[in-house]
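What follows is a set of notes on a single structure, which appears directly below.
The values are calculated or read from the model by the stated rules, or taken from the named source; none is laboratory data. Please read these numbers as outputs of a predicted model, since none were measured by experiment. Neighbour counts run over all protein chains shown; Cβ positions are idealised from the backbone, glycine included.
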Amino acid sequence: MAKQHIVVLTGAGISAESGLKTFRDNDGLWENYNVYEVATPEAYSKDRELVLRFYNQRRAQLTEVKPNAGHLALQKLEDKFKVSIITQNIDDLHERAGSSDIHHLHGELVKVQSTRNPNLVEHWGYHPVEIGDKAPDGSQWRPHVVWFGEPVPGISKAAKICQTADHLLVVGTSLAVYPAAGLVHEIAPGVNVTVVDPGEMEDSPIRGANHIRKSAASALPELIEKWLDRGMV
Ligand code: BJW
């Protein structure tokens, strides 16, 4: 019998207990910056050095953190299910937890792209990107991340993956940013949704979802153990 397909949509909340800050839990301030001052092409045009420094700090921070019980539980889910992870995060904690099918919607900190050509992408690792570090096309390397106002290249593939889900698990995202947030509407009729997020929202962001109002690291191990015991979601 074919394995059930669980599609997992993750956001900043899953990495919070590893020590990485979310975007919208701190009075709109994120690592002491307004997100629009560092995560837009306009910000990069205005002050490249500031934007590169900001992402250099976040890239360096990756060497100080590790996957938490939430990331590890999602890897364990692969023992009995087909699992696709669609993440809005640019950290590499799902990779380091060992998950095998990961789709980064908003890019990856350990990669760089040409300022001129977003399709010219290279693995970079954890070291800083400096002014003068050039892509083969002669333009400055920039972080391989999707800023506000830029297209999200992986969205069509992610939508197709959601259309084949037998269950959708949404973890640690405010669903405030599009087109990623719209993915929850791609699932087939009748597919159940589980949300894991301790946020103070009155109604679940997805109608009819089973909303577990706990943190990822506390809720996911127990939930996933239950699914593995049952052999089905
Ligand atoms: C826990 C927890 C724990 C806490 N356990 N949970 C008006 C309407 C609709 C759309 C738009 C609009 N105006 C503009 C737009 C478009 C815009 C957008 O959506 N804006 C909204 C703000 C309204 N979108 C875009 O611009 C996108 N591009 C686009 O639309 O292109 C169109 C186009 C087509 C063709 C040509 C040209 C253009 C691009 C969006 C890129 C987003 N980029 C960022 C930065 C990436 C790089 C980086 O990380 O630096 O992505 S912004 C930031 O938000 C980041 C995140 O991936 C993303 C989502 O945030 P997330 O993950 O949901 O985090 P939070 O903080 O919001 O939520 C955390 C959650 O965790 C909370 O619920 C907590 O409760 C919970 N939590 N602790 C579990 N322990």
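Taken together, the residues in segment 37-69 that are more than 10 Å from the ligand (Cβ to nearest atom) and among the aromatic types (Phe, Trp, Tyr) amount to 1. Just one of (1) within 15 Å of the ligand (Cβ to nearest atom); (2) in contact with a strand residue (DSSP E or B) (Cβ under 8 Å, 6 or more places away or on another chain); (3) in the same structural domain as Met232 (by TED's automatic domain parsing) fails for Leu77. It is (1).
Residues being in a loop (DSSP other than H, G, I, E, B) and touching a Ser or Thr at 6+ places or on another chain (Cβ under 6 Å) are entirely absent from segment 102-114. Put simply, of Asn26, Asn34 the only residue that is of a type outside the set (A, V, I, L, M) and either crowded, with 18+ Cβ neighbours inside 10 Å or farther than 20 Å from Val145 by Cα (or both) is Asn26.
Give all pairs with beta carbons closer than 8 Å in which a residue from segment 141-170 that is on the phi < 0 side of the Ramachandran plot and of a type in the set (Asp, Glu) meets a residue that is modelled with pLDDT under 95 and surrounded by 14 or more Cβ atoms within 10 Å (Cβ to Cβ); count only pairs at least 6 apart in sequence or on separate chains. Listed pairs, sorted by first residue: Asp166/Val233.
Of all residue pairs spaced 6 or more apart or on separate chains, those with beta-carbon atoms under 6 Å, a first member in segment 1-24 that is in contact (Cβ under 8 Å) with a residue 24 or more places away in the chain and a second member that is surrounded by fewer than 21 Cβ atoms within 10 Å (Cβ to Cβ) and charged (D, E, K, R) are Lys3/Lys82; Gln4/Asp166; His5/Lys82; His5/Asp166.
Do you know which of the residues in segment 162-174 that are of a type outside the set (Ser, Thr, Tyr) and crowded, with 20+ Cβ neighbours inside 10 Å is farthest from the ligand (Cβ to nearest atom)?
First pass over segment 162-174, keeping only residues of a type outside the set (Ser, Thr, Tyr): 162-163, 165-172.
Subsequent filtering for residues that are crowded, with 20+ Cβ neighbours inside 10 Å retains 162, 165, 168-172.
On the way: Cys162: 16, Ala165: 19, Leu168: 15, Leu169: 12, Val170: 10, Val171: 6, Gly172: 3 Å.
Ranking the qualifying residues of segment 162-174, first place goes to Ala165.
Output the residue which, of all residues in segment 54-92 that are of a type outside the set (A, V, I, L, M, F, W, C), without any contact (Cβ under 8 Å) to a residue 40 or more places away in the chain and part of a helix (DSSP H, G or I), is surrounded by the fewest Cβ atoms within 10 Å (Cβ to Cβ).
Restricting attention to segment 54-92, the residues satisfying the condition of being of a type outside the set (A, V, I, L, M, F, W, C) are 55-59, 61, 63-64, 66-68, 70-71, 75-76, 78-80, 82, 84, 87-89, 91-92.
Narrowing the set further to residues that are without any contact (Cβ under 8 Å) to a residue 40 or more places away in the chain leaves 57, 75, 78, 92.
Now narrow it down to the ones that are part of a helix (DSSP H, G or I): 57, 75, 78.
Details: Gln57: 11, Gln75: 18, Glu78: 16.
Here the answer is Gln57.
Being among the small types (Gly, Ala, Ser), out of contact with any Asp or Glu (no Cβ under 9 Å at 6 or more places or on another chain) and at pLDDT 85 or above is the filter here, so list the residues in segment 2-43 that pass it. It would help to see each step written out before you state the result.
Restricting attention to segment 2-43, the residues satisfying the condition of being among the small types (Gly, Ala, Ser) are 2, 11-13, 15-16, 18-19, 28, 39, 43.
Now narrow it down to the ones that are out of contact with any Asp or Glu (no Cβ under 9 Å at 6 or more places or on another chain): 2, 28, 39.
Hits for segment 2-43 are Ala2, Ala39.
Within segment 176-233, the residues that satisfy the criterion of being within 19 Å of the chain's Cα centre (by Cα), part of a loop (DSSP other than H, G, I, E, B) and more than 9 Å from the ligand (Cβ to nearest atom) are Glu186, Ile187, Ile206.
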